[in-house]
Structures are given as C-alpha cells and as structure tokens.
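Readers should treat all values here as calculations from the given coordinates under stated rules, not as data from a laboratory. This structure is a prediction, so every number in the text was calculated from the model and none was measured. Glycine gets a Cβ as well: all are built from the backbone with ideal geometry, and neighbour counts include every protein chain shown.
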Amino acid sequence: MDEILGQVLRKAVWERLDLLSELAHRADAPSLLSVARSEIPRLTEGWRTLLAAHEPDSRDHCPECSTRWRPQKAPCSVWRSAYEHLVAGGLAPRPGRHQRPAHPVRAAAPVP
Ligand SMILES: [Zn+2]
C-alpha cells in the first residue's frame, strides 16, 4: 500500500509541475500573473520547508540525508539542488528534471 501511495503522490506532484510549466509557457498575461501570485508563495514556502528539514546539525551533517552509519556532510544534495536551481540557474527557464528520461513516471497501479 505504501508503494502505491508513493506512486500516486509522485505522479500528482509531477502532474502539478507539468501544469505549472504549461501555464508558464502558454497562459496569457493576466492568467500568468494570477498563477504567479498564488503559486510562487507556495513554491517558496515548499522550498523553505524542505530546506529547513535539511539544515545541517551542530556537526555539519544533514539530519535527513544521514543515517546512523553513514553521515551526510552538508551541503547535502537537497541544498546543492536548491542552489543550482534557485541561485546558480537564476530565474532562467530550463527543462524540468521530470522531462529527462532518467526519471520515467510510471502509472500508478490500481488500488485493489
Ligand atoms: Zn539533506
């Protein structure tokens, strides 16, 4: 059941990102402004929540990415990705990671 829930969750997130990308490319200016005003705060809050969970501890290890046996030194992949997408990449549009073939989205199996 957890695997199915995970598939449904991931599919919903990919679809939401696809919708936002589609709107960014095709929506008229008033619609785009409306979407930007509603979605940018949600996206920034999402990043803040995600990054707070990956904030390094006193030993400079990520508490989310570390295991008891394998500590992950900061910055972890989440922080590196945030930097890449939010700072280094600026605000320039680029193909989304979900559009790369390395991460195919499988259809969710039907719930029995
Ligand atoms: Zn992390």
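Label point 7 Å out from Ser31 along Cα-to-Cβ: which residues of region 1-21 have amide N under 19 Å?
Residues passing the 19 Å test: 15-21.
Once you wrap a convex hull around the alpha carbon atoms of region 54-93, what is its projected area averaged over all directions, in nm²?
Working: hull surface 11.8 nm².
If you wrap the Cα atoms of region 54-93 in a convex hull and average its projections, you get 2.9 nm².
Pick out, in residue order, every one of the chymotrypsin sites (Phe, Trp or Tyr not before Pro) in region 38-91 that is DSSP loop and has at most 14 other C-beta atoms within 10 Å; say none if there are none.
Those that pass, being in a loop and sparsely packed, are Trp69.
Given a Förster radius of 30 Å and the C-beta distance between Asp18 and Arg59 as r, what FRET efficiency does 1/(1 + (r/R0)^6) yield to the nearest 0.05? Before the final figure, lay out each step's value.
Values: r = 39 Å, r/R0 = 1.30.
With a Förster radius of 30 Å, E is 0.15.
I need the trypsin sites (Lys or Arg not before Pro) found in region 25-92, filtered to DSSP loop residues with at most 11 other beta carbons within 10 Å of theirs. Show your work: numbers first, answer last.
On the way: sites: Arg26, Arg37, Arg42, Arg48, Arg59, Arg68, Lys73, Arg80; in loops: Arg59, Arg68.
Sparse-neighbourhood loop trypsin sites (Lys or Arg not before Pro): Arg59, Arg68.
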